[in-house]
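A.B. asks: Just dropping this structure here.
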Amino acid sequence: IHVPYLVHRLDKETSGLLLVAKTYTYLRYLQNLLAQGKIKKIYLAWVNGNTYWSNWRRIEDSFEEYRDGKRRQVKAVSFVKTLENREDKSLVAVSLVTGRKHQIRIQLSLRNHPIIGEKKYAYLPSSQGLLLHAYLLKWDDKTFSCLPPWRGKFKVSKVTLLLIPPSPSPHNPL
């Protein structure tokens, strides 16, 4: 009997892919790749307002994080790209360099583009919840993707996702 091991975590409100290892040995291997920035993670989010990030744009912030009852300043780095603008909303792709708690939610809110469904860093309720989705995981010769479950005006087509070019990596920045 194999006990599954979580390799990373998602915020409770985030949908999408979650990486699980079947063995402790593979867990350590994947966590090592993750620490080295060799696992590519791309998220999709619908945000308030039109964005104009036609190419991958690096965004970097410093904010407070609480861990083990202690407050500390942390650096958060992501790359963002606009995939589509609809009315006053945008579908964006986000590639994480660092993996801070609520990082995508905070960074987009700081740029006045909070995620639709956000209730902590802005108030944009949605009947579909937080529109943040872990879309792609890639490492070595493995690629996994999962379309978001969003419906109606937030539905995302496979054709739209073809617009996502290879994302930059911390080892090969823009």
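A.B. asks: Going through the cross-link list K22/K119; K12/K120; K81/K101, which pairs have a Cα-Cα distance over 23 Å in this structure?
C.D. replies: Flagged as over cut-off: K22/K119.
A.B. asks: Once the Cα atoms of helix 24-35 and of the chain are each reduced to a long axis, what angle between those two axes, in degrees from 0 to 90 to the nearest 10, is obtained?
C.D. replies: Tilt of helix 24-35: around 50 degrees.
A.B. asks: Sticking with this structure for a sec: Please sort by residue number the GluC sites (Glu not before Pro) in the range 76-174 whose DSSP state is loop and whose Cβ has at most 10 other Cβ atoms within 10 Å.
C.D. replies: E87
A.B. asks: Specify the residue with the greatest mean-square fluctuation among V156, V97, V47, computed from a Gaussian network of the chain linking alpha-carbon atoms under 10 Å apart.
C.D. replies: Evaluated over the chain, the most mobile residue of the options is V156.
A.B. asks: Okay, next question. Please give the per residue accessible area of the range 93-162, computed with a probe of 1.4 Å over protein heavy atoms only, in Å².
C.D. replies: Accessible area per residue: 53 Å².
A.B. asks: Please give every one of the aspartates and glutamates within straight-line cross-link reach of K155, meaning a C-alpha to C-alpha distance under 13 Å, and leave out same-chain neighbours fewer than 8 residues apart.
C.D. replies: E84
A.B. asks: PRE reach from K12 (point 7 Å along Cα→Cβ): which of the range 94-121 fall under 13 Å by backbone N?
C.D. replies: Counting backbone N atoms under 13 Å from the label point, the list is 119-120.
A.B. asks: Taking a virtual spin label 7 Å from the Cα of L163 along the C-beta vector, which residues in the range 78-100 bring their backbone nitrogen under 20 Å of it?
C.D. replies: 79-96
A.B. asks: Let me ask you something else. Mean residue ellipticity at 222 nm from the helices of the chain, using -39,500 (n - 2.57) per DSSP H segment of n ≥ 4 over the full residue count, to the nearest 500 deg cm²/dmol?
C.D. replies: That calculation yields -3500 deg cm²/dmol at 222 nm.
A.B. asks: Which listed residue (N48, T82, V3) has the Cα farthest towards the positive end of the charge dipole for the range 1-110, taking +1 on Lys and Arg C-beta and -1 on Asp and Glu C-beta about the Cα centre?
C.D. replies: V3
A.B. asks: Could you please state, rounded to a whole Å, how far the C-alpha centre of the range 149-165 is from the C-alpha centre of the range 18-73?
C.D. replies: 21 Å
A.B. asks: How many percent of the alpha carbon pairs in the chain exceed a separation of 24 Å?
C.D. replies: Looking at the chain, the distances longer than 24 Å represent 36 percent of pairs.
A.B. asks: Moving on to the next point. State the answer as a single residue: which of S157, C146, L124 lies farthest towards the positive end of the charge dipole of the range 116-172, with beta carbon charges of +1 for Lys and Arg and -1 for Asp and Glu, about the Cα centre.
C.D. replies: Working it through, the farthest residue towards the positive pole turns out to be L124.
A.B. asks: Quick check for me: using +1 on Lys/Arg Cβ and -1 on Asp/Glu Cβ, what's the dipole size of the range 98-161 about its Cα centre, in debye to the nearest 20?
C.D. replies: Using only the charged Cβ atoms, the result is roughly 180 debye.
A.B. asks: Calculate I(q)/I(0) for the range 108-153 by the Debye formula, one identical point scatterer on each C-alpha and no solvent, and give its log10 at q = 0.22, 0.31 Å⁻¹ to two decimals.
C.D. replies: After summing over all Cα pairs, the log10 values are -0.81, -1.08.
A.B. asks: For the range 65-155, what % of the accessible area comes from carbon and sulfur atoms, probe 1.4 Å?
C.D. replies: Roughly 48 percent of what the probe reaches on the range 65-155 is carbon or sulfur.
A.B. asks: Hey, another quick one. Given contacts defined as C-alpha pairs under 8 Å and at least six residues apart, what's the relative contact order of the chain, whole-number percent?
C.D. replies: It comes to 25 percent, rounded to a whole number.
A.B. asks: Taking springs between alpha-carbon atoms closer than 10 angstrom, which of K119, K101, K22 fluctuates most in the Gaussian network model of the chain?
C.D. replies: Comparing K119, K101, K22 in the GNM, the peak value goes to K22.
A.B. asks: Something else about it: What residue among R100, R28, R72 has the largest mean-square fluctuation in a Gaussian network model of the chain, using Cα springs under 10 Å?
C.D. replies: In this elastic network of the chain, the residue with the biggest mean-square fluctuation among R100, R28, R72 is R72.
The values are calculated or read from the model by the stated rules, or taken from the named source; none is laboratory data. Everything numeric in this text was worked out from a predicted model, so none of it was measured. Note: ideal-geometry Cβ built from the backbone for every residue, glycine included; neighbour counts use all protein chains shown. The accessibility values were calculated without ligands, DNA or RNA, using every heavy atom of the protein model including side chains. Shrake-Rupley method; radii C 1.70, N 1.55, O 1.52, S 1.80 Å.
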